[in-house]
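Participant: This is the structure, below, for whatever I ask next.
The values are calculated or read from the model by the stated rules, or taken from the named source; none is laboratory data. These numbers come from a predicted model, not from an experiment. Neighbour counts run over all protein chains shown; Cβ positions are idealised from the backbone, glycine included.
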């Protein structure tokens with residue numbers, strides 16, 4: 001059997017993530033607290049010294065004194081982004097929030113950007129030494145696909 005380059009079909013990242021949820025969480029299902037820990041670990045691995053996880057009503061917010069996402073740009077929210085600093089098969093976890101959470105937002109001192117959903121929590125970057133915050137809703141977007 002031979003294959004032609006036209007046979008290659010691009011991967012729909014969000015569909016792939018939703019269909020393989022069990023591969024990304026220890027319990028096999030979306031766990032917002034576990035995801036917040038993954039994201040906080042990224043910030044620490046990439047040089048942040050002060051990282052906090054806060055609950056703002058139904059949101060979890062990871063804030064750090066370093067912009068750990070800056071070098072990666074906006075693609076980090078839409079694709080599987082390699083994270084070699086954490087190991088050969090590692091990827092940044094923010095895309096998991098976009099795939100599973102009902103809402104996602106990020107903020108820097110330049111402003112807040114809603115990635116998914118219609119609202120964002122109130123970010124308190126100034127006065128706390130934070131440079132970047134990433135927030136996502138604890139509740140998931142929709143039921144697990146069949």
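Participant: Quick check on the range 37-49: of everything there that is touching a helix residue (DSSP H, G or I) at 6+ places or on another chain (Cβ under 9 Å) and not in a helix (DSSP H, G or I), which residue is nearest to residue 65 (Cα to Cα)?
Facilitator: For the range 37-49, the residue satisfying everything is 48.
Participant: Any idea how many residues of the range 110-130 are touching a strand residue (DSSP E or B) at 6+ places or on another chain (Cβ under 6 Å), farther than 17 Å from residue 51 by Cα and part of a loop (DSSP other than H, G, I, E, B)?
Facilitator: Qualifying residue count for the region: 2.
Participant: Taking into account only those residues within the range 92-109 that are touching a strand residue (DSSP E or B) at 6+ places or on another chain (Cβ under 6 Å) and not in a helix (DSSP H, G or I), which is farthest from residue 136 (Cα to Cα)?
Facilitator: Going through the qualifying residues, I end up with 108.
Participant: Continuing with the same structure: Return the only residue of 120, 110, 43, 105 being within 11 Å of the chain's Cα centre (by Cα) and either surrounded by fewer than 14 Cβ atoms within 10 Å (Cβ to Cβ) or closer than 25 Å to residue 21 by Cβ (or both).
Facilitator: Criteria check complete, one pass: 105.
Participant: Exactly one condition in (1) free of Cβ contacts under 8 Å to residues at least 12 places away in the same chain; (2) surrounded by 14 or more Cβ atoms within 10 Å (Cβ to Cβ); (3) not in a helix (DSSP H, G or I) is false for residue 34; which is it?
Facilitator: Here residue 34 meets the rest and fails (3).
Participant: Tally time: how many residues in the range 37-58 are on the phi > 0 side of the Ramachandran plot and in contact (Cβ under 8 Å) with a residue 60 or more places away in the chain?
Facilitator: Selection size over the range 37-58: 1.
Participant: Report the residue count in the range 37-66 for those that are closer than 15 Å to residue 123 by Cα and touching a strand residue (DSSP E or B) at 6+ places or on another chain (Cβ under 8 Å).
Facilitator: Residues meeting the conditions: 14.
Participant: Which residues, taken from the range 16-31, are within 13 Å of residue 98 (Cα to Cα), exposed (fewer than 13 other Cβ atoms within 10 Å of the Cβ) and either touching a helix residue (DSSP H, G or I) at 6+ places or on another chain (Cβ under 8 Å) or modelled with pLDDT of 90 or more (or both)?
Facilitator: Matches in the range 16-31: none.
Participant: One residue is enough: does the range 49-57 have a residue meeting the conditions surrounded by fewer than 10 Cβ atoms within 10 Å (Cβ to Cβ), closer than 26 Å to residue 141 by Cα and modelled with pLDDT under 95?
Facilitator: Scanning the range 49-57 turns up at least one residue that is surrounded by fewer than 10 Cβ atoms within 10 Å (Cβ to Cβ), closer than 26 Å to residue 141 by Cα and modelled with pLDDT under 95.
Participant: Pick from the range 1-31 the residues that are in contact (Cβ under 8 Å) with a residue 60 or more places away in the chain and outside any helix (DSSP H, G or I): which of them is farthest from residue 70 (Cα to Cα)?
Facilitator: It comes out as 29.
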